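Step one of this worksheet: look at the structure below.
The values are calculated or read from the model by the stated rules, or taken from the named source; none is laboratory data. All values derive from a computational prediction rather than experimental measurement. Because the Cβ atoms are built from the backbone with ideal geometry, glycine has one as well, and the counts that use them run over all protein chains shown. Heavy atoms of the whole protein, side chains included, go into the accessibility calculation; ligands, DNA and RNA do not. Shrake-Rupley method; radii C 1.70, N 1.55, O 1.52, S 1.80 Å.
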Amino acid sequence: MKTLQQLAYENKDNLQKMEAMLRYKFADHILLQRALVHSSYGFEQLDNGRNNETLEFLGDAVLDLAVSDMLFHMYPGIREGELTKMRAELVRETTLARMAGTIKLSDFLLLGKGEEATQGRKKSSILAAAFEALVAAIYLDRGYEKARDFISSHFAPLLPAKKEKMQVEDAKSLLQEKLQEQFNQVPTYHLDAEKGPAHAKKFTVSVRFMSEVLGTGTGSSKKGAEQQAAETALASIDSWWKELMNLNCSKNT
């Protein structure tokens, strides 16, 4: 059985390659080595079973803070609920596993025989956990600012696409929020048309409020058409709201 220190010494060439991929040099290489040790390998090969699980725990917290910090400063005008959804999208397992893929983290992981046999290097759960452990290792090595810089360099490029995707996907919720806030009522969706053969249907849906059509949308599913209708409504809701207010003012004079 080996100690973590012995393992880091034996793997120094691989650790240097990992540093080159990360564009970050560790002051303490043992932290980097520990981040790359899966529990299955630790229990089989190391004298005290040391592995990256507790680093994963810490890295999860650092990642949440750094991503929150980044979103707060990049999108100061966005509501808390939207920021929370964006953060959840960024720190979920599949996104973290993809981040691990960009730095070829799987090539440097140390896995036990069982995990190697079951293609553990391709498992999203293992890759995401290792990425979180790596974040914690950088945090412990040189502090929060270095960890935040590392996280921002990987996540900031995703933000415009994630924001746009979430705005489209969540258009119905956002429209409902806006109307409930102003009028304490919710919009309704109406199926206006359904065309095409069963395998290639096209649906047209309108979203209505106070007898007004706020927007229409088409899609290969009713849900998709509703989302597009809501997105169209959101683009014009401010002008509709102003017209309604002007109309009410005219009636009262």
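Quick notes on this structure:
- For the chain, a Gaussian network of Cα nodes joined below 10 Å ranks S153, S40, S211 by mean-square fluctuation, and the top entry is S211.
- Counting every pair of alpha carbons in the chain, the share spaced more than 28 Å apart comes to 51 percent.
- Peptides 129-141, 213-225, 187-199 ordered by packing proxy, namely the average of other Cβ atoms within 10 Å per residue, highest first: 129-141, 213-225, 187-199.
- Checking the cross-link pairs K123/K201; K17/K113; K122/K178; K122/K195 against a 32 Å limit on the alpha carbon distance flags K123/K201; K122/K178; K122/K195 as lying beyond it.
- Cα gyration tensor, segment 19-93 - rounded (a/c under 1.5), prolate or oblate: prolate
- Accessible area in square angstrom per residue, the chain, 1.4 angstrom probe: 56 Å²
- Using the rule -39500 (n - 2.57) for each DSSP H run of four or more residues, divided by the residues of the chain, the 222 nm mean residue ellipticity is -21000 deg cm²/dmol.
- Per-residue accessible area (protein heavy atoms, 1.4 Å probe) orders D64, D13 as D13, D64, starting from the largest.
- The portion of the accessible surface of segment 4-113 made up by carbon and sulfur, rounded to a whole percent, is 53 (1.4 Å probe; DNA, RNA and ligands excluded).
- In nm, spacing of pseudo-spin labels at Q16 and L65 (7 Å Cα→C-beta vector): 3.3 nm
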